[in-house]
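Data block below; observations after.
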Amino acid sequence: MLLNLHVKNLAIIDEIEVYFSDNLNIITGETGAGKSVIIGSINIALGGKVPKDIIRKGADYALVELVFQVEDINCITALKELDVPMIDNQVIISRKIMNGRSVSKVNGEIVPTSLLKDISALLIDIHGQHEHQSLIHKRTHLNILDRYAKEEIKDLKEKVAQSYHVYRNALNELNEAAVDEEKRIREISFLEYEINEIENARLKEGEDEELSARFKKLSNANSIVEGLSTVYQLTGNEDSGSVSDCIGQASKILSKLESYDEEVTKFTSYMSDLEDMISEFNRNIAGYLGEINIDREELSTTEERLDFIHNLKSKYGNTISDILKYCEKSKARLEKYLDYDNYISQLRKKVDIERTNLEDLSYKLSVIRKRNASKLSSDIKEVLIDLNFLDVRFDMNFTILSDFTYNGIDDAEFLISTNPGEDMKPLGKIASGGELSRIMLAIKSILANNDSIETLIFDEIDVGVSGRTAQKVSEKLALIAKNHQILCITHLPQIAAMADEHYIIEKKANENCTTTKIRQLSQDESVQELARMLSGAELTDTVIQNAKEMKELASNTKKY
């Protein structure tokens, strides 16, 4: 469950911190008070898109922190598989937003957005203000079914996707390999030329690096000789002022001083070592100068070989290794073109085999989907009846796509009839906004149980709902909240009355700035807020009494 939300410097939020409880947490407030900002901040923390100019005016950064307490054993196991470090089964997610960038952390460790989304999918399910509109698009329907049946189809879906990838690669290779005889002969000639050019070059791994080092030395040989000769003059001769002369004079002085103090002996030893080092240094320089050979012909040969290799690199690859790999691939292509009829025949066999394999896997997946679609439709219908769809019929219709996809061969959509005697029709074509919101609530409640998700957030799930239907929605939310933590933003007093904990979002403005705050309401304050929602204007004694009765009715309803 979501224990704590901390937001700082986000939009019109200066700083808020709120602790949520188990079961049903209701959030209300005037229109424009900033309710959407609260839910938006949670979305941002969980890896959602960061709107432009979201950092509060005058601040250097924005920060959102969420603290989750995880109790479900399946969720804990899944988090461990993602290598999420946990202490006392808590997950702390934070996201710091600075100009142009953001940093996300899970329990203090920086994580990529992709991993953050995987983690959040295990912890929370958020229903946005307009998410029920996604039910209009039938592509959403198959995703809902697959999520419902994920334990049964997960491995098979992966196999279908892999098989589709292999099949498409084989089909693409066959299509690309199809050439006429004239083009085949040209390709053979071209490949033979490239292979011969590379093989005749007799390239060796690392050859270009050795040649570059040799060329550098040969092209700078004069500078090397001139510089080392100068060094030798400074260190190797006996002229006055040279290194050797200075060390010799120092040695004589130290020899005289030894008779005065035994400790001077160690300096004499150091000087002796220094003389030996200088002597060896000079011998090595003299030897190097004696061996170096300024060979103009070798320089020219080395330069020509380097130019030749650079030319090959411009054609076949950035390194000698790349060039040799290109040669091997060209040989394989040449072999295929030389034995073209057999090559095409083998490709066609491979495509047929992979298509048959994909077909078998796709139809197995389809069978499992149809079996689960029947169970899902029955579950949804049962919940819809609780949500005041008294004569509802609900089903899922399947058709076969014209070709395979990574997701199989199924095209599916929900069908619904809400009135007796009416034929079932596609959900997206007949359901109103209020009906879609209730259907989405039904789906979310079923999937939450199936996914073991502990926290559900509903941002105005009550769109287009009123009267008796609103009461039914509130009862369903209260029922779901017995096994899940729910955060629900609502404008309906029927739903707000069901709150186990009631929070209000308020906007305060002064001459300099506007801020949004959230606070938990006491029982009396909750009644006052219900009265405001009922009347919208003056809070009379009658309205307050109605709010109290609504609260009592909700409390009695939750007991059953």
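The values are calculated or read from the model by the stated rules, or taken from the named source; none is laboratory data. Small disclaimer: the values here were computed from a predicted structure and weren't measured. Because the Cβ atoms are built from the backbone with ideal geometry, glycine has one as well, and the counts that use them run over all protein chains shown. What goes into the accessible areas is simple: the full protein's heavy atoms, side chains included, and nothing from ligands, DNA or RNA. Shrake-Rupley method; radii C 1.70, N 1.55, O 1.52, S 1.80 Å.
Quick notes on this one:
- Residue within the stretch 383-399 that is of a type outside the set (V, I, T), open to solvent by less than 20 Å² (accessible area, probe 1.4 Å), in contact (Cβ under 8 Å) with a residue 60 or more places away in the chain and in contact with an Asp or Glu (Cβ under 8 Å, 6 or more places away or on another chain) present: yes
- From the list S417, S378, S362, the one residue that fits, being polar (S, T, N, Q) and buried (at least 18 other Cβ atoms within 10 Å of the Cβ), is S362.
- Test: residue in the stretch 109-123 that is of a type in the set (A, V, I, L, M, F, W, C), within 27 Å of S377 (Cβ to Cβ) and under 15 Å from the mean Cα position of the chain (by Cα): yes
- All positions within the stretch 185-197 that are open to solvent by less than 40 Å² (accessible area, probe 1.4 Å) and either at pLDDT below 90 or of a type in the set (S, T, N, Q) (or both): I188
- Exactly one residue out of L415, L324, L347 is in contact (Cβ under 8 Å) with a residue 12 or more places away in the chain and within 30 Å of E210 (Cβ to Cβ): that is L324.
- V84 meets each of the listed conditions (1) at negative phi; (2) open to solvent by 80 Å² or more (accessible area, probe 1.4 Å); (3) part of a loop (DSSP other than H, G, I, E, B) apart from (2).
- Filtered by the rule that a residue be open to solvent by 60 Å² or more (accessible area, probe 1.4 Å) and basic (K, R), the stretch 306-341 gives K315, K325, K329, K331, R333, K336.
- Pairs meeting the criteria (first residue in the stretch 1-13 and at negative phi and open to solvent by less than 10 Å² (accessible area, probe 1.4 Å), second residue among the small types (G, A, S) and assigned to a strand (DSSP E or B), beta carbons under 7 Å, at least 6 apart or on different chains) are L10/A62.
- Filtered residues of the stretch 48-81 (kept if modelled with pLDDT of 90 or more, open to solvent by less than 30 Å² (accessible area, probe 1.4 Å) and not aliphatic (A, V, I, L, M)): F68
- Subset of the stretch 106-122 that is touching a Leu at 6+ places or on another chain (Cβ under 9 Å) and open to solvent by 70 Å² or more (accessible area, probe 1.4 Å) - its residue that is farthest from G47 (Cα to Cα): D118
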